[in-house]
1. Would you mind finding the one in 194, 291, 185, 243 that is under 15 Å from the mean Cα position of the chain (by Cα) and hydrophobic (A, V, I, L, M, F, W, C)?
2. Of these, 252, 231, 290, 201, which one is polar (S, T, N, Q) and surrounded by 22 or more Cβ atoms within 10 Å (Cβ to Cβ)?
3. Within region 143-176, which residues are surrounded by fewer than 22 Cβ atoms within 10 Å (Cβ to Cβ), over 16 Å from residue 129 (Cα atoms) and touching a residue at least 12 places away in the same chain (Cβ under 8 Å)?
4. Given 126, 183, which one is basic (Lys, Arg) and over 29 Å from residue 88 (Cβ atoms)?
5. Go through the residues of region 70-80 one by one and say whether even a single one is open to solvent by 70 Å² or more (accessible area, probe 1.4 Å), under 18 Å from the mean Cα position of the chain (by Cα) and of a type in the set (Phe, Trp, Tyr).
6. Looking at (1) open to solvent by 70 Å² or more (accessible area, probe 1.4 Å); (2) under 18 Å from the mean Cα position of the chain (by Cα); (3) not charged (D, E, K, R), can you tell me which one residue 86 breaks?
7. Go over the candidates 270, 236, 275 one by one and state the one that is in contact (Cβ under 8 Å) with a residue 60 or more places away in the chain, of a type outside the set (A, V, I, L, M, F, W, C) and open to solvent by 30 Å² or more (accessible area, probe 1.4 Å).
8. Any residue that is crowded, with 16+ Cβ neighbours inside 10 Å and assigned to a helix (DSSP H, G or I) - is there at least one of those in region 186-195?
Amino acid sequence: MKNNTASTILSRRNFLQRGLLGSAGLAAAATLPGEGQAAVTKAEREPWDGLKVGITSYTLRKLTLDDALAKTKQAGIKYISLKDFHLPLNSTAAQRQEAHQKVEAAGLVLMGGGVIYMKNNQDEIRHVFDYARDAGMPTIICSPDPDALDTVEKFAKQYGIRIAIHNHGPTDKKYPSPLDVLRLIKERDPLMGICMDVGHTVRIGEDPVEVMQKCAERLYDFHIKDVTSATPKGKPVEVGRGIIDIVAVLKTLVQLKYSYDVELEYEDKPDDPVPGMRESFGYIHGVLATI
């Protein structure tokens, strides 16, 4: 976790400049004439350093699905997971398929849905898997009761859908840490995995890089955010403005060649999330441009 020093503030400004101006620069370069392009010899860098940087629609929970998709596309983001604000669990199969079609029409990729809570009830758990299947979600981001894991595992294998169990930090009696999830699923089917929330992990005083490395083989979703303190009182803030060492976190994801979704979950200012969302993506993009 980083200190709020003058050098950190300067670095943050540089990251933001790189992130927010980078897309505009790429767009401008794309308009150059053919001769100019022929002179370019440096290999084009993979967008987002190869990471699948996306967003949880919970960030945009006060918007309609159509508006949430539009704002995501405008931010230059390709990947999204849907919260039930945008696709209710009690939706019909046709409504789920329509939501998937809207995601595709916006040029986005649906990576999953959740967080979905599950009691130890076979019919309710089957309903969640039907929901994910109908919507074309490859991953269910969830928080099942521990005594429901046998049933969840059974349906994961039956439906061929990954499970990513989300940790919720100090207030979570089931899975405060990703390591609590790992302890319960490491001997289970490989479809059973973890959604690591880096903010909640830091709020319980754990080193996120160490946790990521321990969970790497079962880390099927990653919620990136920032918080004001590494305590239960830590509050959400724009990425780069808090105390999480985002540089170290992103370096670790790149080193791991992480192939699953890295989702921004910006929880602050739900009535006006877009400025903070764009700033967070700008910071992430800037960091990735420099490491």
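The values are calculated or read from the model by the stated rules, or taken from the named source; none is laboratory data. Just so it is clear, the structure is predicted and the values come from calculations on it, not from any experiment. With ideal geometry, Cβ positions are generated from the backbone for all residues, glycine too; neighbour counts draw on all protein chains shown. Note: accessible area is taken over every heavy atom of the protein model, side chains too, but ligands, DNA and RNA are not part of it. Shrake-Rupley method; radii C 1.70, N 1.55, O 1.52, S 1.80 Å.
1. Numbers: 291 fails: under 15 Å from the mean Cα position of the chain (by Cα); 185 fails: under 15 Å from the mean Cα position of the chain (by Cα); 243 fails: under 15 Å from the mean Cα position of the chain (by Cα).
From the options 194, 291, 185, 243, the qualifying one is 194.
2. On the way: 252 fails: surrounded by 22 or more Cβ atoms within 10 Å (Cβ to Cβ); 231 fails: surrounded by 22 or more Cβ atoms within 10 Å (Cβ to Cβ); 290 fails: surrounded by 22 or more Cβ atoms within 10 Å (Cβ to Cβ).
Exactly one residue qualifies, and that residue is 201.
3. Passing the criteria: 146, 147, 168, 169, 170, 171, 172, 174, 176.
4. Numbers: 126 fails: over 29 Å from residue 88 (Cβ atoms).
So the residue among 126, 183 that is basic (Lys, Arg) and over 29 Å from residue 88 (Cβ atoms) is 183.
5. no
6. (1)
7. Working: 236 fails: in contact (Cβ under 8 Å) with a residue 60 or more places away in the chain; 275 fails: in contact (Cβ under 8 Å) with a residue 60 or more places away in the chain.
One residue alone meets the criteria, 270.
8. Just the residues of region 186-195 that are crowded, with 16+ Cβ neighbours inside 10 Å, to begin with: 188, 191-195.
Next, from what is left, pick out any that are assigned to a helix (DSSP H, G or I): none.
No, the conditions are met nowhere in region 186-195.
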